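First comes the structure, then the notes that go with it.
The values are calculated or read from the model by the stated rules, or taken from the named source; none is laboratory data. If you're wondering where the values come from, they're calculated on a predicted model, not measured in any experiment. Please note: Cβ atoms are built from the backbone with ideal geometry, for glycine as well, and neighbour counts cover all protein chains shown. For the accessible areas, the whole protein counts, side chains as well, though only heavy atoms, and no ligand, DNA or RNA atoms are used. Shrake-Rupley method; radii C 1.70, N 1.55, O 1.52, S 1.80 Å.
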Amino acid sequence: MSPWSNESSGARINIGIGTREIAVGPRASRWTWMRKSTPPSEPFCVPMPEEQCFTETGVFNGLRAALDPAPDSEAAPEKRTPAHIRGAHIVLDDFWGNHAILRGDFRSLRTREVDEVALAHFADAYGIDAEAVMVRACVQRGGRAVFASALPRTLADGIREAGASAGVGVRTLKLCLPEMLNRALDKMPRASAMLIFATDALMQAVLVEPKGWVGYDAQRLFAGDACDPQQVAVLAEQALERCAEGTTVRRDECGLTLYGFDIDPAPLNARFASVTALASPVGKMDDDTGESFARRLLEYAQ
């Protein structure tokens, strides 16, 4: 069982925690799908106060407001979280955690030993106390690499406490990138390629080869970056340099797959072997439709 899980009973909901707002929606079940005559409830979003965006305080206050909206809140009565709901499946924007791909021989290590290696990496890389983070690690087939994720313990504990105050238990708590990557790999070519995901505040890159994961990189996205093809091209080139360190991967032989970008690929075509832009349920926030990134996170809570 993941250390981020807390088993509970009762009905279930999905929650997306972005950097600026919290989205809440019903969790689809087999019974829900069978009852075609009953339309599903629509998800709703609760914004964080502007001064609390990108802070743990904003997450905790926003989560309490989303799970137990006040009578005069923007959430319509029929969209509020029913009192009987007890289980929540939560996906967070990757801004709230860290990821790493560690290369080595992990074939003879037990799960606890792999977690300790991942924990040591995050502690060394970010100069933090090992007790301050919670780690989840997955060894790739063949045992030559590990995909590891870390979440601040204060954030995980605070989310559980905020849910408990509204009578909601946290069944799963996970970052978004591993879920996006799992779905994206099915569409990947067999040759070396780099996947780049645009989320609300980050551009994340994962380099893969036929034998598996090779490297990971994350860079902050500021307003307008995801819509600027020249800026994306520069960031992608920098990401490949860091991801491919210690490998034989060459930029002019590496394909690029973009998720969440809507840009002219010409500057990228000049740098990489090929460029493919794929639609993604979780991409950059749509300024035209007003669809929020937190709402899109709900797709990966299922």
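Worth pointing out:
- Length added when fully stretched, Arg153-Arg110, from 0.36 nm per residue minus Cα-Cα: 13.2 nm
- With 0.36 nm allotted per residue and the present C-alpha distance subtracted, the Asp68-Ala11 stretch has 19.0 nm of extension available.
- Working from label points 7 Å from Cα in the Cα-to-Cβ sense, the Lys211 to Asp264 distance is 4.0 nm.
- Between Arg27 and Arg12, Ile13, Asn14, the built amide H atoms are under 5 Å apart, and every one of these is 5 or more places off in sequence or on another chain.
- Among beta bridges that DSSP assigns inside segment 204-279, antiparallel share in %, nearest 5: 55
- The mean accessible area for residues of segment 88-210, using a 1.4 Å probe and ignoring ligands and nucleic acids, is 43 Å² per residue.
- The stretch between Glu51 and Asp252 holds 68.0 nm of extra length on full extension. This uses 0.36 nm per residue minus the Cα-Cα distance.
- Residues whose amide H lies under 5 Å from that of Thr247, counting only those 5 or more places away or on a different chain, are absent; hydrogens are built 1.01 Å from N in the peptide plane.
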